[in-house]
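Report on the following structure.
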Amino acid sequence: MKVLIVGAGAQGHVVTWNLARCPEVTKIVLGDVDEARARAVADQVGGGKTEAIALDASDVEAVKKAAAGAKLVMNATIPEFNMAIAEACLAVGVSYQDMATGTLIDKTIDEATLAQFELDEEFKKAGITMLSCTGMDPGVSSTFAGNGYEDLDVCTDIHIRDYAILESPVPLQMWSVWTYYTDCATPPLTFQDGKYKREKPFGLREHYQFPAPFGRGCVIAHDHEELSTLPRFLPKHFGDKGLKNVTFKLGMDEEALNADEAFVASGMASKEPVLVNGVKVRPIDVYCATLTPNPAPAEMKRLVEAGEIQDYGVILADVWGEKDGKPAKWNYTIFTPTIQWITERIPGATSVSYGTSTPASIYSEFMVKDIVKQKGVVVPEILDRPVRDAFIKELGNRGLRVTRSFETQIN
């Protein structure tokens, strides 16, 4: 079966590696605005069944042409192109998948998510699926939350925390810098006492005890897709269980968080155009244009093998409520592999790119194999339970270790 992957950057690189190893995927078309980059990825990890093409993700007609005859279009670009690619999928009757809805130039994450999910009826009528928000978080985190919510009789709280450690002698862009800083600059959406509320950027700071080897780490509220989907989809799909509070918090070294907070406060993360010498520019665009590119894969491999780069993370979901009339909590935790483990398999990939795109690739394979049967707009937390459980099991087969614990009052 043919799969079109749109985007040959950090995420498309890892998705291509995964899908090239899937027997049911017989042909991959890898499209990127930079054809040379797509060709390099195809040559490195395409498994001899990947065709690289020049493709502008914003060009609906071009995406339609590339998607014709495909089983799935996997969107590995930035969220700014989600709607154009989804429109192309509807036109040719091909299912669509992305890793996040994300902050857009003119929309918050919540606004972008709601706009995208308005396509539900159109996808259902076409008999195809839009599987959205399938990366690490959202994606794995949402799957965990769905399981915890389903397994409690009463569910009042869902709290997701993402913490990472990165040490590098050279600048590294672990994720879209534009997306990260514009998310940071947005007052983060939270769900408190049954109502949506926005906090100040970098608010709700806490120090949380993460499992070894991470220890106590600082996390802050961060605008994220789980706030758009969990309070809306879980009660609708599994019944109202009294969900009152949902938060997403992001963490790293506290000095780095403080530096990012100062950067956002300076105005450099703004999406609003300013006039500079008669030219309107967005401060965040200017900043991103000055960034040093990541080292080439060979140099990344050398730095990692020399032990000069350390990169690993942990994401967990605490789901609180009641079971059998007693206070109870489910905890799901996932550990990304070390960058050394990842580099042995995909030189140039990082814990973020591998940890985001490998879960998405598993769901892509489930789409290709018709394991995902729901039509219309679907998010991981409401997939059929056997699908979610199979997904969690497969994470372990790909080096993404998951632990689960259940606590309850026993008297």
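The values are calculated or read from the model by the stated rules, or taken from the named source; none is laboratory data. Small disclaimer: the values here were computed from a predicted structure and weren't measured. Quick reminder, even Gly has a Cβ in these numbers, built from the backbone with ideal geometry, and neighbours come from all protein chains shown.
Points worth noting:
- So D43, is it in a loop (DSSP other than H, G, I, E, B), charged (D, E, K, R), free of Cβ contacts under 8 Å to residues at least 40 places away in the same chain and outside the structural domain of P273 (by TED's automatic domain parsing): no
- Residues that are charged (D, E, K, R) and either in a helix (DSSP H, G or I) or crowded, with 19+ Cβ neighbours inside 10 Å (or both), drawn from the stretch 377-411: E381, R385, R388, D389, K393, E394
- Of the residues G215, G267, the single one that is of a type outside the set (A, V, I, L, M), at pLDDT 95 or above and under 23 Å from I309 (Cα atoms) is G215.
- When the stretch 236-294 is filtered for residues that are basic (K, R) and either under 20 Å from W175 (Cα atoms) or surrounded by 14 or more Cβ atoms within 10 Å (Cβ to Cβ) (or both), the ones remaining, listed by number, are K241, K244, K249, K271, R282.
- Some residue of the stretch 336-348 being outside any loop (DSSP other than H, G, I, E, B) and small (G, A, S): no
- Hits in the stretch 181-224 (condition: surrounded by fewer than 18 Cβ atoms within 10 Å (Cβ to Cβ) and not in a strand (DSSP E or B)): P187, D193, G194, E199, K200, G203, L204, R205, P211, A212, P213, F214
- Summed over the stretch 281-335, the residues that are closer than 30 Å to R216 by Cβ and part of a strand (DSSP E or B) give a count of 24.
- Among the conditions (1) more than 20 Å from the chain's Cα centre (by Cα); (2) polar (S, T, N, Q); (3) assigned to a helix (DSSP H, G or I), the only one that Q374 does not satisfy is (3).
- Take the conditions (1) outside any loop (DSSP other than H, G, I, E, B); (2) within 20 Å of A349 (Cβ to Cβ); (3) not basic (K, R); A62 misses just one of them, which is (2).
- First in the stretch 151-169 and in a loop (DSSP other than H, G, I, E, B), second anywhere and surrounded by fewer than 16 Cβ atoms within 10 Å (Cβ to Cβ) and not basic (K, R), Cβ under 9 Å, 6 or more apart: D153/D324; D153/G325; S168/E308; S168/Q310; P169/E308
- Checking the stated criteria, D56 turns out to be within 24 Å of the chain's Cα centre (by Cα), without any contact (Cβ under 8 Å) to a residue 24 or more places away in the chain and surrounded by fewer than 16 Cβ atoms within 10 Å (Cβ to Cβ).
- None of E35, E24 is surrounded by fewer than 24 Cβ atoms within 10 Å (Cβ to Cβ) and more than 25 Å from Q173 (Cβ to Cβ) except E24.
- Verdict on T338 being under 30 Å from A298 (Cα atoms) and surrounded by 13 or more Cβ atoms within 10 Å (Cβ to Cβ): yes
- Out of L250, L230, L243, sole residue that is touching a His at 6+ places or on another chain (Cβ under 8 Å) and outside the structural domain of L114 (by TED's automatic domain parsing): L250
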